[in-house]
Amino acid sequence: MLQRIWSLFSQESPPIDMHAIPCTALDFWARELFVTNGIIVDCRLDAARFKESISTLVETKFQRAGARFAMRNGTCEFQIPRTFSEEVKPLVFTTDNYAETYATPSGGRPAIPVYFRSKTCPVNMKSCLASRLPILHVHVTTFDDITFIGITVSHGLFDGLGTATFLSAWTRLINGEDIDNIPGMPLDCAPFEAFAGKPSAAPPRGWFELGVFQTLNFGARMLWKMWRDPKEEMMLICVPKEFVEDQKASVMAELQAQNSAEWVGSSDVLLAWFCKTMHHHRDAADPTPIIIHTAVDMRPLHIWEGGKPLSHPYVHNAMSTITLPPIPASTLANSSVADLAVQIRRAIKAYTADLESIKTDAAFRCANPTKLLIPCTPDGEAVIHSNWRSAKFGQLNFAGAAVDAGAKATVRSMLAYFPSSIPLRGSSVVLSEDDEMLWMNYIASSQEWERIKQSGAVQFI
């Protein structure tokens, strides 16, 4: 607060050795959420090759990935070094090496997240500001038979698909592709300026701006819930693809029997099944309105300059959400997968067909970066769902860094952890897929997980 007041009377210039780029409203909104994306590869990889290639990639193609957070004149910005060096690093890169196989430990193994993060990895924006280190931290742990790759970053610097863009470029470089052929993110790009100067009076669809008393009421309800049930737990959920396809076939057969021309995708069916299953335990008379948000990538939409998709790689936050009308918890628990999947598909079609409203939503965000919005009604709850299937994390190819020539370096798993203290209950992510399984996670309170377990809707192992 004092910093904001002081900024009214004194304007601080950016450091002469830094490019200063203001955070967009979406970057600012997500700045405190730090994510560790963890990739497990089934062979030993060369950590030195990793460090050299990723440093080169940041220095030459994705300079914005080498940003530091800074507060200047009361606003948040990315500061990117004009020149990177051993003293001014493009990222923080750390390694641990074990001269043994992971499968045959000399002692007990700790929990897997330990292998994705070093002690220096940030957990919030404050730790970044205090250290003045790059926001991007990469930690690699190598065994003779497996490699753990952890990428820790603020959601404001990379969103999920921005991470995928960066990792795709990195693996292309690792595998020997000429860096001049790899598209990069322009240092001076500012795509959200297309929405500046066009503020909307209404918040984005599915988000709510509360008055003073409503905010106090909502805050009190949240604090009461967290006091009664403070512990959040993230569970990894494995869903067989065959099950999803069977569910989809059943939904499509039902639609055809109704002579309907509508259709649903496998991701619609997955989300419908998931929301129904996670609320299966709710009381038959529970009227709590649930709003389902599913994240949507704005990059390929025809909303940018010239009415076209974004023409260059962009790693910063470029996500919005598609929302369904509120559904009472009791109704959600007892709805059919078919009904929910059709509602989800209709919401997606309506959203993507209305480009002007998407622009209006983005304009509100750009004009109101600090405005508090909540994803549900004051008496309700929200499900925030992200789907990273299009990121194709499971298809990343690290073979160019394999210590043993000819090793396939297959990605065995993609995981995500959230070291920040931000409450995330109700959040889910489809992380990755292989030939047989879809992998996703979900965050709920420990008591909620126990109720889900007691309902018998899913099998716990």
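The values are calculated or read from the model by the stated rules, or taken from the named source; none is laboratory data. For clarity, every value in this text was computed on a predicted model and none was experimentally measured. Because the Cβ atoms are built from the backbone with ideal geometry, glycine has one as well, and the counts that use them run over all protein chains shown.
Miscellaneous remarks
- Selection of segment 174-226 for residues being of a type in the set (Ser, Thr, Tyr) and touching a helix residue (DSSP H, G or I) at 6+ places or on another chain (Cβ under 9 Å) yields only Ser200.
- Only one entry in Phe213, Phe274 is among the aromatic types (Phe, Trp, Tyr) and free of Cβ contacts under 8 Å to residues at least 60 places away in the same chain, namely Phe213.
- Set Ser260, Ser200: member being loosely packed, with under 14 Cβ neighbours inside 10 Å, farther than 30 Å from Phe50 by Cα and over 24 Å from the mean Cα position of the chain (by Cα): Ser260
- Within segment 172-188, the set of residues being in a loop (DSSP other than H, G, I, E, B) and either buried (at least 17 other Cβ atoms within 10 Å of the Cβ) or within 14 Å of the chain's Cα centre (by Cα) (or both) comprises Ile182, Gly184, Met185.
- Selected residue (only one of Pro300, Pro309, Pro230 is within 24 Å of Leu431 (Cβ to Cβ) and either within 27 Å of the chain's Cα centre (by Cα) or not assigned by TED's automatic domain parsing to the domain that holds Val429 (or both)): Pro300
- Enumeration of residues in segment 92-140 that are polar (S, T, N, Q) and part of a helix (DSSP H, G or I): Ser127, Ser131
- Of the numbered criteria (1) buried (at least 18 other Cβ atoms within 10 Å of the Cβ); (2) among the small types (Gly, Ala, Ser); (3) in contact with a Cys (Cβ under 6 Å, 6 or more places away or on another chain), the one Ala169 fails is (3).
- Leading residue by the ranking (surrounded by the fewest Cβ atoms within 10 Å (Cβ to Cβ)) among those in segment 94-150 that are among the basic types (Lys, Arg) and within 23 Å of the chain's Cα centre (by Cα): Lys119
- Checked against (1) free of Cβ contacts under 8 Å to residues at least 24 places away in the same chain; (2) outside any loop (DSSP other than H, G, I, E, B), Gln459 passes all but condition (2).
- Subset tally (residues that are assigned to a loop (DSSP other than H, G, I, E, B) and under 18 Å from the mean Cα position of the chain (by Cα)) for segment 383-399: 3
- Residues of segment 400-453 that are charged (D, E, K, R) and in a strand (DSSP E or B): Arg412, Glu433.
- Boolean, Tyr351 is within 26 Å of Phe192 (Cβ to Cβ) and touching a strand residue (DSSP E or B) at 6+ places or on another chain (Cβ under 9 Å): yes
- Restricting segment 348-373 to residues that are crowded, with 20+ Cβ neighbours inside 10 Å and among the aliphatic types (A, V, I, L, M), the residue that is farthest from Thr24 (Cα to Cα): Ile358
- When segment 194-210 is filtered for residues that are at pLDDT 85 or above, outside any helix (DSSP H, G or I) and not charged (D, E, K, R), the ones remaining, listed by number, are Ala202, Pro203, Pro204, Gly206, Trp207, Phe208, Leu210.
- Test: residue in segment 416-434 that is modelled with pLDDT under 90, farther than 21 Å from Met222 by Cβ and out of contact with any strand residue (DSSP E or B) (no Cβ under 7 Å at 6 or more places or on another chain): yes
- Residues that are over 23 Å from the mean Cα position of the chain (by Cα) and either surrounded by 15 or more Cβ atoms within 10 Å (Cβ to Cβ) or modelled with pLDDT of 95 or more (or both), drawn from segment 56-73: Thr56, Glu59, Thr60, Arg72, Asn73
- Here Ile344, Ile374, Ile384, Ile322 are screened, and the one residue that is assigned by TED's automatic domain parsing to the domain that holds Leu271 and at pLDDT below 95 is Ile374.
- Single residue of Leu301, Leu270 found to be more than 30 Å from Pro240 (Cα to Cα) and either in contact with an Asp or Glu (Cβ under 9 Å, 6 or more places away or on another chain) or buried (at least 18 other Cβ atoms within 10 Å of the Cβ) (or both): Leu301
- Which numbered condition Gln214 fails, given (1) modelled with pLDDT of 95 or more; (2) assigned to a helix (DSSP H, G or I); (3) surrounded by 14 or more Cβ atoms within 10 Å (Cβ to Cβ): (1)
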